[in-house]
Amino acid sequence: MTILDRIVADKQAEVVRARRSMPEAELRARIADTPWSARGFANRLLRAGPGGVNVIAEVKRASPSKGDICKDLDAVECARQYETGGAAAVSVLTDAPYFKGSLEDLRGVRAAITLPVLRKEFIIAPYQVFESRAAGADAVLLIARILSPARLKELLDLSRQLGMDALVEIHSPQDYASARAAGSRLIGINNRNLATFATDLKTAMDLAAMLQPEEVPVAASGISRRSDVERNLQSGIFNFLVGESLVRAHDRAGFLQGLIYGDSLIR
């Protein structure tokens, strides 16, 4: 089994346990009873922001490939630093076994900042979409590689019905075909192969050339310096999801501004 196979298998068992702990009907009732207003995650990414760049800044403690990145990370404080630095949105990893995140991180971040918040998770079932909405997410990540075309469309449609946006992640032309068939507009192109966790920055630039004019690309993984951003800008990509390099930065707000503005840094 690949790392991704193990993660998905573990996630299936996790969803079964979550349903036992809180039935879907209770989640739906919680959604109906909780005031909530979407913050327009997709709208933030339709056009380039200040500096010609939008960064979705990620709250991330660990990963299967890198181990601990910042195991004692305060998710709320980190998100506040991202907002100060000019992030367009914040991504919160909620997987516990492999990334040391939680839904509590998501709830805390959503309450502490005014930016749209993406739940980054291995979502394989409608239950998790309801769970995301109940926790306050403005958007969810849907990974084409781990979903059948029919399930991808089902989860994408459900996200929209609940008022959330969806960032559909691809890594190959086959993934893109599924995303397009499902009606995805916001396409996250992961430079990292989730089967091997090898990273190639050309992946996003190559796949972005396949997208239709109404589809919006987001480059993810391996973005660690302004030169990486500039290479992608030349390919028409102005949205970036950045995690590890931001979390490791001593001055996260300053590092983020450097990614956005480069040599024309405005503080």
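Please treat every number below as a calculation from the coordinates, not as lab data. These figures come from a predicted structure and were not determined experimentally. Counting neighbours? That spans all protein chains shown, and the Cβs are built from the backbone with ideal geometry, glycine included.
General remarks:
- MRE, 222 nm, helices only [DSSP H, n ≥ 4, -39500 (n - 2.57), over the chain, to nearest 500]: -12500 deg cm²/dmol
- DSSP beta bridges fully contained in the chain are about 10 percent antiparallel.
- Neighbour-count order for CYS70, CYS78, fewest beta carbons within 10 angstrom listed first: CYS70, CYS78
- Options THR196, ALA249, ILE223, ranked by Cα towards positive dipole end of the range 155-267, top entry (Cβ charges): ALA249
- Size of electric dipole in the chain: Cβ of Lys, Arg +1 and of Asp, Glu -1, about Cα centre, debye, nearest 20: 100 debye
- Its Cα centre serving as origin, the range 121-259 has a Cβ charge dipole (Lys and Arg +1, Asp and Glu -1) of approximately 140 debye.
- With neighbours defined as other Cβ atoms within 10 Å of a residue's Cβ, the residues LYS60, LYS11, LYS71, LYS120 order from fewest to most as LYS71, LYS11, LYS60, LYS120.
- Contact order normalised by residue count of the range 187-255, Cα under 8 Å, 6+ apart, percent: 30 percent
- Förster-model FRET efficiency, 45 Å R0, ALA198 and ALA25, C-beta, rounded to 0.05: 0.60
- Stretching GLN234 away from GLN161 to a fully extended chain increases their span by 22.7 nm, per 0.36 nm per residue minus the current alpha-carbon distance.
- The coefficient of translational diffusion for the chain, derived via Stokes-Einstein from the alpha carbon Kirkwood radius under 37 °C and 0.692 mPa s, stands at 178 µm²/s.
- Prolate/oblate/rounded call for the range 37-92, Cα gyration tensor, a/c under 1.5 rounded: prolate
- Phi to ³J(HN,Hα) by Karplus 6.51 cos²θ - 1.76 cosθ + 1.60 over the range 38-48, Hz, x for Gly, Pro: 4, 9, x, 4, 4, 4, 5, 10, 6, 9, 5
- Charge dipole of the range 81-179 (Cα centre as origin; +1 on each Lys and Arg Cβ, -1 on each Asp and Glu Cβ, all else neutral): 80 debye, rounded to the nearest 20.
- Cα centroid separation, the range 76-113 to the range 165-214: 23 Å.
- In terms of distances greater than 27 angstrom between alpha carbons, the cross-link table entries LYS100/LYS202; LYS11/LYS71; LYS71/LYS120; LYS120/LYS153 yield LYS100/LYS202.
- Label separation (GLU104 vs ASP68): 1.8 nm, computed from points 7 Å beyond Cα along the C-beta direction.
- Distance from the C-alpha centroid of the range 1-48 to that of the range 114-135: 3 Å, rounded to the whole angstrom.
- Sorting LEU162, LEU115, LEU46 by the number of Cβ atoms found within 10 Å of their own Cβ, with the fewest placed first, yields LEU46, LEU162, LEU115.
- Working from label points 7 Å from Cα in the Cα-to-Cβ sense, the ALA181 to ASP5 distance is 2.3 nm.
- Positive-pole candidate from SER65, GLY51, ILE31, dipole of the range 1-159, charges at beta carbon: GLY51
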